[in-house]
1. Tell me, what HN-Hα J-couplings in whole Hz come from the Karplus equation 6.51 cos²θ - 1.76 cosθ + 1.60 at θ = phi - 60° for each residue of the range 259-266, using x for Gly and Pro?
2. Suppose every K and R has +1 on its Cβ and every D and E has -1 on its Cβ; what is the size of the dipole of the range 102-178 about the Cα centre, in Debye to the nearest 20?
3. Under 5 Å between amide H atoms, partner at least 5 residues away or on a different chain: which partners does ALA253 have, H built in plane at 1.01 Å?
4. Taking amide H atoms as placed 1.01 Å from N in the peptide plane, list the residues 5 or more away in sequence, or in a different chain, whose amide H sits under 5 Å from that of PHE170.
5. Would you work out the charge dipole size for the range 169-287 about its Cα centre, treating the Cβ of every Lys and Arg as +1 and the Cβ of every Asp and Glu as -1, and quote it to the nearest 20 debye?
6. From the phi angles alone, apply the Karplus equation (6.51, -1.76, 1.60; θ = phi - 60°) to the range 193-199 and give each ³J(HN,Hα) in whole Hz, x where the residue is Gly or Pro.
7. Modelling each spin label as a point 7 Å along the Cα-to-Cβ direction, I'd like the GLU186/ASN243 distance in nm, to one decimal.
8. Considering only C-alpha atoms, what is the centroid distance from the range 224-260 to the range 153-219, in Å?
Amino acid sequence: MVKVTMPLGSETAHGAIGEAIVFQGTTARQYVKPRDARTEAQISLRDAFRDVTKILSRCGDFPRAVFRLEHGGRWFTFLSGRVRGNWSNAYQSAVTEFDAWPEGSRLEWDAASPFAPDTEGIGRVFYGLVMTCYFSQYYGSGKMWGMKQWEITDAAAASAWWTDEVSQAFLPGLFDDTDARIKYSEAWGTFADVNAIEGNIHIGAVDDETNCQFFFIGSVLKIYYPTWTDGGVMRVIIDGTENNFSHSGSNGAFGSVWTSNPLTNGLHEVDIRLSGLGTIAIDAVEIE
């Protein structure tokens, strides 16, 4: 930078002459063209970022609860920042995979996007975003909350999870064992009994393979169950914390209730398993 006298016939001058000289008061310097990252991947990500934030803002109450629990109150900034920065190359790897899919599959993801459905190319952004969120969970707490490593045929399933207004989670109330939100393993069986709530119970007797999972939003979980002389031990794992209780007691007696310790009011993940020998059963669950 050099000092000049009477630049352009004035005491001071400001601005550029073409792409040659820049005047700053009584000094002048050579014009330097600003550097701008122009790689194809960087341009593609910048162009897509507006759509990323709009899709992220359209997630339902259930994923919002998940993201808030996992990433804190600034979850939106956290996740959008991971896309913008192409964290661990998650976004770019996903869209590169997407680009290799047949046109029909790409159009299915276009139609499934929560923002601008049927807009060509929006499915590419949606897939890149959901996979960035998936790997953020996978390499974070490891709790997936129903998320999957979505594949070519999963457009509708990914969209359903993304827009879920807590239909996956139990809200406060009493719910029968046959409720579809409880995901049972094949080791369980359903049996009719007039003494049971709604006239049926789920029973299992295969160590560990007798398991089920569900989510709830609340502060207390209650499990209604019958007892048997050969009753087994039920493991109730809430957000990774394990609680054990026995089903042993009078043969076929209904009305027993296990109650969790008070929890922080919010979204919780439950994993129920048989531990060891014996039989366990679920008659209903209640959320407070």
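Readers should treat all values here as calculations from the given coordinates under stated rules, not as data from a laboratory. Everything quoted here is computed from the prediction, not taken from an experiment. Please note: Cβ atoms are built from the backbone with ideal geometry, for glycine as well, and neighbour counts cover all protein chains shown.
1. For the range 259-266, the Karplus curve yields 10, 6, 5, x, 10, 5, 5, x Hz.
2. Charge dipole of the range 102-178: 360 debye, to the nearest 20.
3. For ALA253, whose amide H was placed from the backbone, the distant partners under 5 Å are THR227.
4. Here the answer is PHE215, PHE216, ILE217, since their amide H atoms fall under 5 Å of that of PHE170.
5. Working: 5 positive and 16 negative charges, 46 e Å.
Rounded to the nearest 20 debye, it is 220 debye.
6. Per-residue couplings from phi come out as 7, 5, 7, 7, 4, 6, x Hz.
7. With each label placed 7 Å out from Cα toward Cβ, I get 3.1 nm.
8. Here the two parts' Cα centres lie 17 Å apart.
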